[in-house]
Amino acid sequence: MKCTSTSAVLVTLASLIAAEQVCADEIPPPYDQTAKKGLEWLAKAQDPDGYWASPGDSFPVALTALSGTAMLMEGSTLRGGKYADNLHRATGWLIKCAQSNGLISQFKGEGEGYMHGHGYALLFLAQVYGEEEERKLRSRLEDLLTQGVSFLGRRQSSHGGWSYYTSKDEWDEVSVTVTQMQALRACRNAGIAVPKEMIDRARKYLRDCTTEEGGIRYGKSTMAGHARPALTAAAIASAFSAGEYNSSNVRQWLEYCRKGLWGRRTSYDEYTDYYWAQCIYMLGDKGWSDLFPGSVPGEQVTWTTYRKHTFDFLRRTQNADGSWSGSKNWRHFGPVYSTATALTILQLDKATLPMYQR
């Protein structure tokens, strides 16, 4: 077991140091067995060709990337570990999906989700690249990631966001944008050049999508509807990824999510909690009080409290075979999506990947 001292939240470069000890490679029991069962099911659910998909072979790029990331979080790499073979096959399949223009997609089965898939694929492959030592594969991944970043630069809208589609137009959308922001951060972490202005424009886009009530709506236009807690949580996670921890917008978004999400104790949503869990994990148990010095304990969002009720829920709702069937909003995506997102949440404490470290 490896322990690393970290601050509860990275507020600024001069933020408080080592407010708590975080032990890597640990999932609190009995949830470690919950994660183990989920990973074993996920390994069996992989297609012989190396991909995962929803029923009808839908969304294979996104689900392969999310599933592969869950296995990387377990500690396996392409070089070794229980899921090394699964990761080899997933990586090889995604490499075959790379198009000449830099987009990672096989189009078939992707529907309107191929830009989401591109972002998740970059996120996964960047973390594979960061650990890869074999020269030929490393060179191929470097080229693929560099082209993938360039593709995003060409397809970013004048507003700073990205749309479901590859054509560059003036329509963009927050759920696609946050996916690309985390992908770009993963690429930068791995040493791939990412233009600072691309990140800055995306951050401005999120600020422009903020409503008067403090949340994030689907797009910049007022026609994009009202603010949504799920998108706001995703925006916070992507802002953290972009190095924005203590801005007025981040505090505003956090307060909006506290009001809309923190009171939940019996509900769970794959998309919302995938991002909300990342936010709270980054805050730890003292980050909220650092950001909001005047807050009282009952108002403070803490990882320990969130982990208790969410992990209990995941343990209770896990199927006997190790999978999760999914909440009503996401059941049509199938058990792969529900299982991969649940495993991401359950394994945050392992702090295996740079993207998910405090």
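Since every read-out is calculated from the coordinates, none of them should be taken as a lab result. Computed from a predicted model, the values in this text were never measured in an experiment. Here the Cβ is made from the backbone with ideal geometry for all residues, glycine too, and neighbour counts use every protein chain on show.
Descriptive notes on the structure:
- Most mobile of Gln182, Gln278, Gln99 in a GNM of the chain (Cα contacts under 10 Å): Gln99
- GNM remark for the chain: springs join alpha carbons under 10 Å apart, and the peak mean-square fluctuation among Ser157, Ser248, Ser289 falls on Ser248.
- Low-density loop cleavage sites - GluC sites (Glu not before Pro) in the range 93-135, where at most 13 other Cβ are within 10 Å (DSSP): Glu133, Glu134
- Here the gap between Glu197 and Arg331, fully extended at 0.36 nm per residue and compared with their Cα-Cα distance, gives a gain of 44.5 nm.
- On full extension, the segment bounded by Asp85 and Ser248 gains 54.2 nm, given 0.36 nm per residue less the C-alpha separation.
- Asp49/Ser267 FRET efficiency (R0 45 Å; Cβ-Cβ; nearest 0.05): 0.80
- Positive contributions from Lys and Arg (+1) and negative ones from Asp and Glu (-1), summed over other residues with Cβ under 12 Å from the Cβ of Arg331, come out at -1.
- Label of the coordinate-derived value, Rg and Dmax of the Cα atoms in Å, listed as [x] 21.0, 73; [y] 20.6, 66; [z] 19.0, 55: [z]
- Those aspartates and glutamates that a straight Cα-Cα span of less than 13 Å connects to Lys328, excepting residues fewer than 8 apart in one chain: Asp269, Glu270
- Relative contact order of the range 182-328, pairs being alpha-carbon contacts under 8 Å that are 6 or more residues apart, as %: 17
- Cβ-defined net charge surrounding Asn86, 13 Å radius [Lys, Arg +1; Asp, Glu -1]: -2
- Modelled this way, with points 7 Å down the Cα-to-C-beta line, the labels at Glu26 and Glu40 are 2.4 nm from one another.
- Relative contact order of the chain, defined on C-alpha pairs under 8 angstrom at six or more residues apart (%): 22
- Exceedance of the 22 Å cut-off in Cα-Cα distance is limited, within the set Lys259/Lys286; Lys259/Lys350; Lys204/Lys350; Lys308/Lys350; Lys96/Lys136; Lys36/Lys286, to Lys259/Lys350; Lys204/Lys350; Lys36/Lys286.
- In this rough spin-label picture, where each label sits 7 Å from Cα along the Cβ direction, the Ser150-Gln33 distance is 5.2 nm.
- Environment charge of Ala239, counting only residues whose C-beta is closer than 13 Å and scoring Lys/Arg +1, Asp/Glu -1: +3
- Proxy reagent accessibility, fewest Cβ within 10 Å first, across Trp171, Trp262: Trp171, Trp262
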